[in-house]
Amino acid sequence: MFSSSALHGQRFQKITLIFLFFLLSIALLITWNTPATGYESSIYRSTPLILWVSLIASVIVGVALVVVSIAKNELYQNPLCKIGLLLVFLCYTICLALFIIRGYHMWCMTGDPASHIGWIKETINTGHIVGTILYPAGHIYSSEIVFLTGLDLVVLHKIVPLVFGLLCVLFMYVLAKTIFVKNSVCLLVTILSCCLVHTWYLRLTPNILANLFLPLVIFLVYKNVQQRTWTWVVPLIITLVLMPVFHPVPTMILAMVFISIGIFAILSSINSRWQIGKLNNFTGGISGIISPFLIMLVWFVFWVSLFSIFNHQILSLYDAIIFGAGDSWISGLTDTASTATAYGYNVIEQIMRNLWSQIILCTISALALPLIIKEYLESRINTSVLSLLLVFIAVIPLSAIFYLFDLAFTPQRLLYAISMFGIFFAAYFLAFFLTDNLKWHFISLDPGIKSLFAVTVIFGLFVGGLLALYPSPYILSSSWQNTQSEVEGLLFSYDHRDVTIPLTGISITPGRFSHALLPPEERATQKLPLYLEDQRVPYRFGYDVNSSVSSIYSCETDIIITQKDKRMYLDVFPEIEGIRYTRQDFDRLSIDPALHFLYSNGEFDYYKINA
């Protein structure tokens, strides 16, 4: 029988949950009915305050319900903790879908997603993949989704990353159930997976989609190792064939998982009395690990060797190791840091803002390391966790080593692996902290104190992840929003520009946009570079030394100015507005006699410079 106080407590919890679900519903309706009417430098400032209040309150309450139930060992007695978990997952979904709820027309067309949309269109129109794509799996499946659903790619490029982001939480949970025995750890893994700790979520790129798919593949690897039945072998082989053509970087992480498991299996076969290789119900022997690994490795090497980038990358690595030749990612990173410092920005502060989640997860995971080793030495049942820990320990220095080379991908792409593995060990430590009889100066810690600490840590992770989820002035990054007016303006410029006349601007990327908006034949006619780095309009449009922008051009030139250009140095980089582009500079464009006004729709201005 429940006591009177317990019944009152549950009643209060139910009322609180009902209120929060109602508040979230009202906040979503208000947010849906106040869509973006133009370019927004920060989605955080533009979103109604009631949504942020409801999200923060809901996350705190949802996390608290789960954490307190774990601390009091009431997971199975308190059904409301499942509702709390659902509430946290709902908040996670709202955060990922916020740019869709706000009515953003397109997302990150200044980057890779624009090219991927173009390649998907080519796949649909021609019936086969583009021959130069190293990772066509995402394009093939996206094309099939278009055929099956009839959805436009403008809609699909926003929905697909969202769906993968939601499924990733489920994949993390089933993986946790495979390698951990305690249900409390699995629930905390799910909670931490909803804290937006990964670096990238929202862009339609094969790397991001493959990253979010990776936990499911690792789950199949461990299931195959533990049970070795056709139920798991067949889907594992299918995913191992899929991963190299999905993206090579997650495939590298998957190879490290195989190697880690193989190390323990080999040590076990060398000396059975070490009992290292007892991977739960491991029955497959070394061949159960080596066979699927070799299938993936041989297929991966064969596939990437078909492309010229493979040969270039091998030669680049050889020159860097033997002769120390070539550039490296670390040189570009140090140059960026030096430039930022020269302009008065605090580099350490920006690292903390951008990588807050990874730093916290690594710190908590370090605390879990001695616990995992101790439990393994005492009970010898934790080898699956230990093999995953070995990958986590290896991937951190590996990401640092990659900065020493000029690789085809940025070493930052390994941050996902760091945060993914860090979630498991942070959850392991928090579960131990909540359930173990810990003492402080020989005084047992009250479950309420331990719960408060855990809720604070998890909420801090959520806030840090949320603030870095969308580009904003907080992380010194311009929003990836692309308005419909911007798209319409670019279509006008493509239709009416003289392709022999150079094109300039500030942040516009007409070459990238052309991949998403134009067929290949017309792209070839336009002859636009992906970025205007070498053709960007000079700072201040030259008005600091000249009376007209035409003084710095020797021939006719088209110039595109967007609302993003006008807001960038007002909202994101106000400290350097005076040396880049001021409000007065943009105002002078409209009265400059050498500029011929061609088109404007409020978000997109198109001029011709008469030199």
So, in nm, how far is label K182 from label I359 when the simple model puts each one 7 Å beyond its Cα toward the Cβ?
2.8 nm
Taking Cα centroids, how far is region 166-187 from region 290-306 in Å?
28 Å
Near-label residues of region 575-590 by backbone N, under 20 Å of a point 7 Å along Cα→Cβ of R45:
575-587
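Roughly how many debye, to the nearest 20, is the charge dipole of the chain about its Cα centre, given +1 on each Lys and Arg Cβ, -1 on each Asp and Glu Cβ, and no other charges? Please report the intermediate quantities before stating the final value.
Details: 34 positive and 35 negative charges, 506 e Å.
Around 2420 debye, computed over the chain.
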Fully extended contour minus Cα-Cα distance, from F22 to F147, at 0.36 nm per residue:
41.2 nm
Tensor-based shape of region 389-492 (alpha-carbon gyration tensor, a/c under 1.5 rounded, otherwise prolate or oblate):
oblate
With axes computed from alpha carbons, what is the tilt in degrees of helix 447-469 against the longest principal axis of the chain, rounded to the nearest 10 within 0 to 90?
20 degrees
Virtual spin-label span in nm between I321 and S551, 7 Å along Cα→Cβ:
5.5 nm
Just need the relative contact order of the chain here, percent rounded to a whole number, with Cα pairs under 8 Å and 6+ apart.
18 percent
R0 of 35 Å, Cβ-Cβ distance V163-N125: FRET efficiency to nearest 0.05:
0.90
Could you work out the helix-only [θ] at 222 nm for the chain, with each DSSP H run of four or more residues adding -39,500 (n - 2.57) and the total divided by the number of residues, to the nearest 500 deg cm²/dmol?
-21000 deg cm²/dmol
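Going by average Cβ neighbours within 10 Å, how do the peptides 143-150, 535-542 rank, with the highest at the top? Could the numbers behind the result be given before it?
Numbers: 143-150: 13.0, 535-542: 17.0.
By packing density, highest mean first, the sequence is 535-542, 143-150.
Can you give me the % of accessible surface on the chain that is carbon or sulfur? Probe 1.4 Å, all protein chains present, nothing else counted. Walk me through the numbers on the way to the answer.
Values: 17990 of 27530 Å².
Answer for the chain is 65 percent, counting heavy atoms of protein chains only.
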Going Cα to Cα from K564, which aspartates and glutamates come in below 20 Å? Please leave out same-chain ones fewer than 8 positions away.
E40, D112, E486, E488, E533, D534, E575, E577, D585, D587, E603, D605
Would you list which lysines come within 21 Å of K566, measuring only between C-alpha atoms, while excluding same-chain residues fewer than 8 positions from it?
K608
Dipole size in debye (nearest 20) for region 359-476 around its Cα centre, Lys and Arg Cβ +1, Asp and Glu Cβ -1?
20 debye
Could you give the distance between the Cα centres of region 539-609 and region 201-234, to the whole Å?
49 Å
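Can you order the peptides 341-354, 565-578 by their average number of other Cβ atoms within 10 Å per residue, highest first? Please report the intermediate quantities before stating the final value.
Working: 341-354: 12.2, 565-578: 16.9.
Sorting 341-354, 565-578 by mean packing, highest first, produces 565-578, 341-354.
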Nearest 10 degrees is fine. How inclined is helix 183-193 to the longest principal axis of the chain, computing both from alpha carbons?
10 degrees
Going by alpha carbons, how many degrees (0 to 90, nearest 10) lie between the helix axis of 248-270 and the longest principal axis of the chain?
20 degrees
Tell me which label goes with the value of mean projected area of the Cα convex hull in nm² computed from the coordinates here: [x] 27.5; [y] 31.5; [z] 32.8.
[z]
Pair I373, F586: separation of 7 Å Cα→Cβ label points (nm):
5.6 nm
Positive end of the charge dipole of the chain (Lys, Arg +1 and Asp, Glu -1 on Cβ, about the Cα centre): tell me which of F307, S451, I396 has its Cα farthest that way.
S451
Please state the charge dipole magnitude for region 61-217, taken about the Cα centre, from unit charges on C-beta atoms (+1 on K and R, -1 on D and E), reported in debye and rounded to the nearest 20.
420 debye
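So, by mean Cβ neighbours within 10 angstrom, what's the order for 17-29, 307-319, 417-429, 167-179 with the highest one leading? Before the final figure, lay out the partial values.
Working: 17-29: 15.8, 307-319: 13.5, 417-429: 26.7, 167-179: 19.8.
The most tightly packed comes first, giving 417-429, 167-179, 17-29, 307-319.
The values are calculated or read from the model by the stated rules, or taken from the named source; none is laboratory data. These numbers come from a predicted model, not from an experiment. Positions of Cβ are generated from backbone atoms using ideal geometry, with glycine treated the same way; all protein chains shown enter the neighbour counts. Just the protein is used for accessible areas: all its heavy atoms, side chains included, with ligands, DNA and RNA removed. Shrake-Rupley method; radii C 1.70, N 1.55, O 1.52, S 1.80 Å.
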